[in-house]
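Laboratory data are not the source of any read-out in this text; all were calculated from the coordinates shown. The model shown is predicted, which means the values in this text are computed figures rather than measured ones. So basically every Cβ, Gly included, is an ideal-geometry build from the backbone, and we count neighbours across all protein chains shown.
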Amino acid sequence: MEIRLQKVIADSGYTSRRNAENLIKKGLVSVNGKVVNELGFKVKNTDEVSVEGHILSKDEKEYYLLNKPRGVISSANDDKGRKTVIDLIESDKRLYPVGRLDYDTTGIILITNDGELTNILTHPKSNVPKTYLAKLDKIITMEDYHKIKNGLLIDGRIVDVKHIKIKKTDKKKNNCFVEITISEGRNHIVKKLFEKLGYDVEKLTRTHYAFLDLGTLLSGEYRTLSKKEVHELYAYKRG
Ligand code: URA
């Protein structure tokens, strides 16, 4: 099967498809040693593609589900030298996280070297549901609960809340835990949602990603995804 060059580069996880197109136009991509600056050039699985001097590996794909601890950043590398989620996984592959969790957020994050699946899951229209448990600095009022449930405007767009439930309230300590499911991936979206109504999110954990949950994984532990799970995640592909 022949695949367009920019897709091969994006699927490898090297960069986005748009950036791959820029690199091709700039003459920074070669196939079997020859520079190709034609967009849409088709390559076979046996062709050797090199981008900015790096040969794209035809590595086997790996998929991990990590229970991210606090104080770890969710990117492949950090210019300040902080620990990343990738440092927690034992692998010789060039892995990266699927989407982001804040430095102080814990819970489920997927890690892979499959750029195609990453693009599917992080596409704004993929609608992957994600469930979070948020500890708020005070007890949420029913009025605010309904405001969130009905859709609050954040940065000019309504947050489509699929599910919200008050799990626990502690009158003595004046705090509560709220479970919320949303299917969008804007950065800091859960914190922004509560902060808009005057609540501080003291702790945030992602408990579910699509149909996946944390199971028995302790903080910092991970497991590989099964073939079936990977297949089901691919079903979020649109069109
Ligand atoms: N929303 C947030 O505010 N933080 C996260 O880490 C994830 C979702």
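Using helices alone, I'd like the mean residue ellipticity at 222 nm for the chain: each DSSP H run of four-plus residues gives -39500 (n - 2.57), total over residue count, nearest 500. Walk me through the intermediate numbers first.
Working: 6 runs with 49 residues, N = 239.
After summing the helix terms and dividing by residue count, I get -5500 deg cm²/dmol.
Place a point 7 Å from Cα of V230 in the direction of its Cβ. Which residues in the range 98-131 have their backbone N less than 13 Å from it?
Counting only backbone N, you get 111-118.
In the range 143-225, if the dipole is taken from +1 on Lys/Arg beta carbons and -1 on Asp/Glu beta carbons about the Cα centre, which of F177, H188, H163 is farthest to the positive end?
Sorting the options by dipole projection puts first F177.
Pop a pseudo-label 7 angstrom from the Cα along the beta-carbon direction at both T122 and K173 and give the gap in nm to one decimal.
Result for the modelled spin labels: 3.4 nm.
Charges on Cβ only, +1 for Lys and Arg, -1 for Asp and Glu, centred on the Cα centroid of the chain; of H146, G53, H123, which one is farthest towards the dipole's positive end?
H146
Using only the Cα atoms of the range 2-55, build the gyration tensor, take square roots of its eigenvalues as a ≥ b ≥ c, and label the shape rounded, prolate or oblate: rounded if a/c is under 1.5, else prolate if a/b is larger than b/c, else oblate.
Values: a/c = 1.25, a/b = 1.09, b/c = 1.14.
Cα axes put the range 2-55 in the rounded bin.
Highest mean first, what order results for 106-112, 218-224, 26-32 on Cβ atoms within 10 Å? Please report the intermediate quantities before stating the final value.
On the way: 106-112: 23.7, 218-224: 13.4, 26-32: 15.4.
So the order, starting with the most tightly packed, is 106-112, 26-32, 218-224.
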